[in-house]
1. Just wondering, is there one or more residues in the stretch 37-55 that are within 18 Å of L10 (Cβ to Cβ) and over 12 Å from the mean Cα position of the chain (by Cα)?
2. Checking the conditions here, which among Q56, Q15, Q40 is out of contact with any strand residue (DSSP E or B) (no Cβ under 8 Å at 6 or more places or on another chain) and at positive phi?
3. For residues in the stretch 11-36 being within 13 Å of the chain's Cα centre (by Cα) and aliphatic (A, V, I, L, M), which is surrounded by the most Cβ atoms within 10 Å (Cβ to Cβ)?
4. Out of curiosity, is F68 in contact with a helix residue (DSSP H, G or I) (Cβ under 6 Å, 6 or more places away or on another chain) and surrounded by 13 or more Cβ atoms within 10 Å (Cβ to Cβ)?
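Just so it is clear, none of the values below were taken in a lab; they were calculated from the coordinates. If you're wondering where the values come from, they're calculated on a predicted model, not measured in any experiment. Please note: Cβ atoms are built from the backbone with ideal geometry, for glycine as well, and neighbour counts cover all protein chains shown.
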Amino acid sequence: MRELKVEDALLYLDQVKVEFGDRPHIYNEFLDIMKTFKTQQIDTPGVIRRVSTLFQGNRRLVLGFNTFLPEGYKIELPLDGDGPP
């Protein structure tokens, strides 16, 4: 796994902000999830669930979050993009 840089995180945050520019509450909720994860109030599977739910329908952002997950964790989506309703 390649080493993450601050620029990677900032680029991803920018992508989230642009994607949800018309719905800033989603961006703010993402930041809240990250703060909760950083303070270890939720574990890795918990952050995966919350981010996947928050970004549901946006494959690029959901899969892009894999970059920040520790070794052994990965978000996988169905190939056709169809998930549970």
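1. The answer is yes; a qualifying residue exists.
2. Values: Q56 fails: at positive phi; Q15 fails: at positive phi.
Answer to the check: Q40.
3. Looking at residues that are within 13 Å of the chain's Cα centre (by Cα) and aliphatic (A, V, I, L, M), I get V16.
4. Criteria not met by F68.
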